[in-house]
Amino acid sequence: MKKRNIKRQLIAVLSAILILITIPQFIFAQKKANVVILATGGTIAGAAGTGVQSGYTSGQVTIDAMVNAVPDVLKLANIKGEQISNVGSQDMSFEIMLKLAKRIAELTAGNAVDGIVITHGTDTMEETAYFLNLVCKTDKPVVLVGSMRPSTAVSADGPLNLYNGIAVAADPNAKGRGVMLVMNDWIHSAQTLTKVSTTAVQTFMSPIRGLIGTTAYGVNEYYRYPYSKFGAKSEFNVDGVTKLPRVDIVYGDVDMSADLIDASVEKGAKGIVIAGVGNGNMNKAALDACTRASKKGIVVVRSSRVATGNVGRNVEVNDDELGLVASADLNPQKSRILLSVALLKQRNLKDIQRLYYEY
Ligand code: ASP
């Protein structure tokens, strides 16, 4: 009798242990996030003849091949992939960017998708990231990943970047942090990141405002939320938009000619961004051309070719008098994106200046 009782108690205890072990696993398995990868090309999808040559071609490898190279990602999330384009990001276009924005809106509308990863070339990644940060309304993680070495290289950086990017996209703690870029263990905000090296693996930096967080083999740590407006709080909308207004960037340098500014006006630009010297400065000839353009209703934004720092209003240039806009902390390429999106609607200069402070 006693023996039978002990046996029963033993079975009960073992069953309880078994349930305690399997239930959390079951719940965890149920809760695996659904992540969609939107592939656009870039070096991460690039291939070379050998593992040790510098020459290669971007956008050769498909999304399926990239995921197959990192089978461990399937432990992080349920993955689906879609090929949006397969180009080196020097050939990224507003058309592809608008297609991406539309697809992200569709995918994130319901409950079926928890996060998005976009594979992208690094050359113009900051433009696409910043554009999506302005126009995507979702608070779900949208994460861009790329690589500096093609998939065939010795020590290719793409697979781990993809793994870490998926880990961030699948992470509920990444929600509400805007569009991010994950490369080389760092999580950047679209608003702050910039490419600083033509070849180094550690090419992205977020000067002054710093990182959103870090990730190491899929273990994520977050430091902050973005300071600028994005997502549901963004006032921009590209639903139904098929084309963005022309905005040109003119590089400022010593003894610069005003011809390129005048040519831009003649060619029908709606906006011009000057990659000025120092605090968004330029010589008198260029400033006169900008004033002429402004008088014709073309929006002229003063940004800077300098890597870090704010371009302040009315510092060495009297923006109020000349009818110009200061880019605040946006570099020329992001200034161009903001102006292109802003000019989808009629706005006065005061309103455009406000956008540079808020976004
Ligand atoms: N030219 C390539 C691209 O932007 C470079 C890279 O991806 O790193 O697509």
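Any chance segment 240-260 includes a residue that's in a helix (DSSP H, G or I) and at pLDDT 95 or above? Yes: one or more hits.
What are the residues in segment 106-165 that are within 16 Å of the ligand (Cβ to nearest atom), among the hydroxyl-bearing types (Ser, Thr, Tyr) and under 21 Å from Gly46 (Cα atoms), if any? Within segment 106-165, Thr119, Thr122, Thr124, Thr128, Ser147, Ser151, Thr152, Ser155 qualify.
Condition (residue is more than 18 Å from Glu321 (Cβ to Cβ), outside any strand (DSSP E or B) and over 25 Å from the mean Cα position of the chain (by Cα)) applied to segment 275-283: is it met by at least one residue? So far as segment 275-283 goes, yes, one or more of its residues are more than 18 Å from Glu321 (Cβ to Cβ), outside any strand (DSSP E or B) and over 25 Å from the mean Cα position of the chain (by Cα).
In segment 58-93, the residue that is nearest to the ligand (Cβ to nearest atom) out of those that are in contact with a Phe, Trp or Tyr (Cβ under 8 Å, 6 or more places away or on another chain) and outside any loop (DSSP other than H, G, I, E, B) is Val73.
Sort out which residues of segment 225-239 are part of a loop (DSSP other than H, G, I, E, B) and over 18 Å from Arg354 (Cβ atoms), and write them in order of number.
Tyr225, Val238, Asp239
Scanning segment 304-353 for residues that are within 20 Å of the chain's Cα centre (by Cα) and at negative phi yields a count of 17.
Within segment 199-224, the set of residues being more than 16 Å from the ligand (Cβ to nearest atom) and part of a loop (DSSP other than H, G, I, E, B) comprises Ser206, Pro207, Ile208, Arg209, Gly210, Leu211, Ile212, Tyr217, Gly218, Tyr223, Arg224.
Within segment 299-308, does at least one residue satisfy the condition of being in a loop (DSSP other than H, G, I, E, B), at pLDDT 95 or above and under 21 Å from Leu134 (Cβ atoms)? For segment 299-308, residues in a loop (DSSP other than H, G, I, E, B), at pLDDT 95 or above and under 21 Å from Leu134 (Cβ atoms): absent. Is there a residue being of a type outside the set (S, T, N, Q), outside any helix (DSSP H, G or I), in contact with a Gly (Cβ under 7 Å, 6 or more places away or on another chain) and under 24 Å from Val35 (Cα atoms) anywhere in segment 189-198? For segment 189-198, residues of a type outside the set (S, T, N, Q), outside any helix (DSSP H, G or I), in contact with a Gly (Cβ under 7 Å, 6 or more places away or on another chain) and under 24 Å from Val35 (Cα atoms): present. Consider segment 33-57 and keep the residues that are among the small types (Gly, Ala, Ser) and within 30 Å of Asp171 (Cα to Cα). The one that is nearest to the ligand (Cβ to nearest atom) is Gly42.
Checking each residue in segment 222-239 for being in contact (Cβ under 8 Å) with a residue 24 or more places away in the chain and over 16 Å from the mean Cα position of the chain (by Cα) picks out Tyr222, Ala232, Phe236, Asn237, Val238, Asp239. Only one entry of Ala289, Ala328 meets the criterion of being touching an Asp or Glu at 6+ places or on another chain (Cβ under 6 Å) and at pLDDT 95 or above, and that entry is Ala289.
Within the span defined as segment 277-290, every residue fails to be within 30 Å of Asp157 (Cβ to Cβ), touching a residue at least 24 places away in the same chain (Cβ under 8 Å) and not acidic (Asp, Glu).
All of Val179, Val219, Val168, Val154 fail the test of being among the hydrophobic types (A, V, I, L, M, F, W, C), without any contact (Cβ under 8 Å) to a residue 60 or more places away in the chain and surrounded by fewer than 17 Cβ atoms within 10 Å (Cβ to Cβ), apart from Val219.
For (1) touching a Gly at 6+ places or on another chain (Cβ under 7 Å); (2) surrounded by fewer than 21 Cβ atoms within 10 Å (Cβ to Cβ), each residue gets a yes or a no:
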| site | (1), (2) |
| --- | --- |
| Ile261 | no, no |
| Gly268 | no, yes |
| Val277 | yes, yes |
| Cys290 | no, no |
| Arg302 | yes, no |
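Look at (1) closer than 18 Å to Val168 by Cα; (2) in contact with a helix residue (DSSP H, G or I) (Cβ under 8 Å, 6 or more places away or on another chain) and you find that Arg224 fails only one, number (2).
The values are calculated or read from the model by the stated rules, or taken from the named source; none is laboratory data. Since the model is a prediction, treat every value here as computed from it, not as a measurement. Here Cβ is always computed from backbone atoms with ideal geometry, including for glycine, and neighbour counts include all displayed protein chains.
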